[in-house]
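In what follows, a single structure is set out as structure tokens and then discussed.
The values are calculated or read from the model by the stated rules, or taken from the named source; none is laboratory data. Not measured: the values here are computed from a predicted model. For neighbour counting, all protein chains shown are included, and Cβ atoms are generated from backbone atoms with ideal geometry for every residue, glycine included.
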Amino acid sequence: MKSPSLKEVIKPLKLLEEEAYVVFEKENQAHEIEMESYRVQKEAIKKRMGKAADLRNTLDIGLAKEELKILKEPPPPLWKRYYTNDTTIEKMHELLSQNPRGLLLYRDELMGLLATWDKIGHEADRSFYLEAWNGDDSKTTDRMGRGTTHTKNLCISILGSTQPDKMLSYFHQTLSGFCNDGLLQRFQLLIYPDEVKNWTLIDKKPNILAQREAASIMKGLATMNFCECGAIQEGDETPYFCFTEQAQHFFYTWVTDLECEKLRAEEEPIFIDHLAKYRKLMPSLSLIFHLINVASGKERGAIPLDCVERATAWCDYLEMHARRIYEMGLSPGYQAARNLARRIQGRDLNDPFDVRDVYRKEWAFLKTREEVEDACELLIDLGWLREGILSEGRKTKRTFFVNPKVLKRGNHE
């Protein structure tokens, strides 16, 4: 029951948006009155300027000009946003320019969102969200219709769910290298729970106190003044938190183990890319846990050791789930398809080729007819190959033609 669970998680954000909208409505009503006053004053000044011009009164014209310079149009109120369900990247950029703390993009069916990024006309979507992963980059776009949009902090979180079978096609494309641009590895909080073997009916009242506490913490985070809570700000730069001395030494030990042991011991390149992003994940989780504590009324200041220890425990937990998910695409059958894909891009096979052309070379995972046929079937599904029949006298032979786009990509890389 993934959807009901996520809806419960989103409820506090919905409440924050509803409260913000009430404030926006009141401010908008006041803004309409201010705008009417602005228009009346502007029109009155322009009339005086017109009369002065008719009388060639340069002094009054000058005074009217100064009044127009001083008179400023009231800025429109902004609806403070916390999340969105469906948006174009242009609108998302605009929303981020108005909400510099960032936004959550929530989609119940996550694969549907990722699929739209691969459609014609959405080529820029994928790179936009890749850029937003850092959370502290600025972005400026200039368009004839929309004008200039500047975002100081391009910061987006993505929350969603899906089903294992819907993930397979996307994972296969990524793990085969066809579209491995690092997007998959940026989903660092991946969770693949165990299947419920023995279903049990549970009918309990919700923990109202816990719900209220969670909502209170989220509201505290939304309104928090980070500098008052111990963050350091240098000039106009974004405020930042430091570790305590104990926490800093713990981090040094942890990151040294990550670089010298864990990453070097891992054999699968794509999972190395995933683990390498834990350099950011662990400190990020440490900060999140610390800010939750601050919002709960606990000690402010630098990030303490217990938050860092909790973050490392979470990294261990998330690594186990990530391994389970990646293994869906790293089974022997997909290893065979990946190896065949590399051989095709390396032009180690003729175009077209048949099954025998492959297994006679005795490449890893491609040493039998069955292994080669399974690999070819998968690459057909992914658009790398097209099946054909070649006639040789009375006999026919199954052959495979290579997608030219695959070879072009190989030359580019």
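Odds and ends about this structure:
- Flag if Ser138 is surrounded by 12 or more Cβ atoms within 10 Å (Cβ to Cβ), small (Gly, Ala, Ser), over 22 Å from Ile191 (Cβ atoms) and touching a strand residue (DSSP E or B) at 6+ places or on another chain (Cβ under 7 Å): no
- Residue among Trp79, Trp117 that is in contact with a Leu (Cβ under 9 Å, 6 or more places away or on another chain), closer than 29 Å to Lys152 by Cα, among the aromatic types (Phe, Trp, Tyr) and surrounded by 13 or more Cβ atoms within 10 Å (Cβ to Cβ): Trp117
- Candidates Ala336, Ala313, Ala375, filtered to the one that is loosely packed, with under 15 Cβ neighbours inside 10 Å, closer than 27 Å to Pro269 by Cα and among the aliphatic types (A, V, I, L, M): Ala313
- Selection from region 19-31 of residues that are surrounded by 13 or more Cβ atoms within 10 Å (Cβ to Cβ) and of a type in the set (Asp, Glu): Glu19, Glu27
- Cβ separations smaller than 8 Å between residues 6+ apart or across chains give the following pairs from region 119-140 residues that are over 15 Å from Leu183 (Cα atoms) to residues that are surrounded by 14 or more Cβ atoms within 10 Å (Cβ to Cβ) and among the basic types (Lys, Arg): Ser138/Lys152.
- Residues (without any contact (Cβ under 8 Å) to a residue 12 or more places away in the chain and over 47 Å from the mean Cα position of the chain (by Cα)) located in region 38-49: Glu43, Ala44, Lys47
- Residues (free of Cβ contacts under 8 Å to residues at least 60 places away in the same chain and among the hydroxyl-bearing types (Ser, Thr, Tyr)) located in region 60-116: Thr84, Thr87, Thr88, Ser97, Thr116
- Qualifying strands (runs of 3 or more DSSP E) (wholly inside region 99-154; at least 2 residues being touching a Gly at 6+ places or on another chain (Cβ under 7 Å) and either of a type outside the set (Asp, Glu) or over 26 Å from Met224 (Cβ atoms) (or both)): 103-109
- Meets criteria (farther than 30 Å from Glu66 by Cα and either in the same structural domain as Leu63 (by TED's automatic domain parsing) or touching a Cys at 6+ places or on another chain (Cβ under 7 Å) (or both)) for Tyr38: no
Conditions (1) touching a residue at least 12 places away in the same chain (Cβ under 8 Å); (2) within 30 Å of Arg107 (Cα to Cα); (3) touching a Leu at 6+ places or on another chain (Cβ under 7 Å), marked per residue:
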site: Glu18; (1), (2), (3): no, yes, no
site: Tyr21; (1), (2), (3): yes, yes, no
site: Glu36; (1), (2), (3): no, no, no
site: Lys51; (1), (2), (3): no, no, no
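- Flag for Arg310 being free of Cβ contacts under 8 Å to residues at least 40 places away in the same chain and under 19 Å from Leu189 (Cβ atoms): yes
- Among the conditions (1) closer than 27 Å to Thr151 by Cβ; (2) at pLDDT 90 or above, the only one that Asn207 does not satisfy is (1).
- Residue check for Leu63: over 21 Å from Leu159 (Cβ atoms), surrounded by 13 or more Cβ atoms within 10 Å (Cβ to Cβ) and of a type in the set (A, V, I, L, M): yes
- For Gly333: the one exception among (1) over 27 Å from Leu275 (Cβ atoms); (2) in a helix (DSSP H, G or I); (3) modelled with pLDDT under 80: (1)
- Test: residue in region 383-399 that is surrounded by 18 or more Cβ atoms within 10 Å (Cβ to Cβ) and either outside the structural domain of Arg347 (by TED's automatic domain parsing) or hydroxyl-bearing (Ser, Thr, Tyr) (or both): yes
- For region 197-219, filtered to residues that are over 19 Å from Ser284 (Cβ atoms) and within 29 Å of the chain's Cα centre (by Cα), the residue that is surrounded by the fewest Cβ atoms within 10 Å (Cβ to Cβ) is Ala210.
- Matching option when the condition is of a type in the set (A, V, I, L, M), surrounded by 12 or more Cβ atoms within 10 Å (Cβ to Cβ), in the same structural domain as Glu109 (by TED's automatic domain parsing) and out of contact with any Gly (no Cβ under 7 Å at 6 or more places or on another chain), among Leu68, Leu95: Leu95
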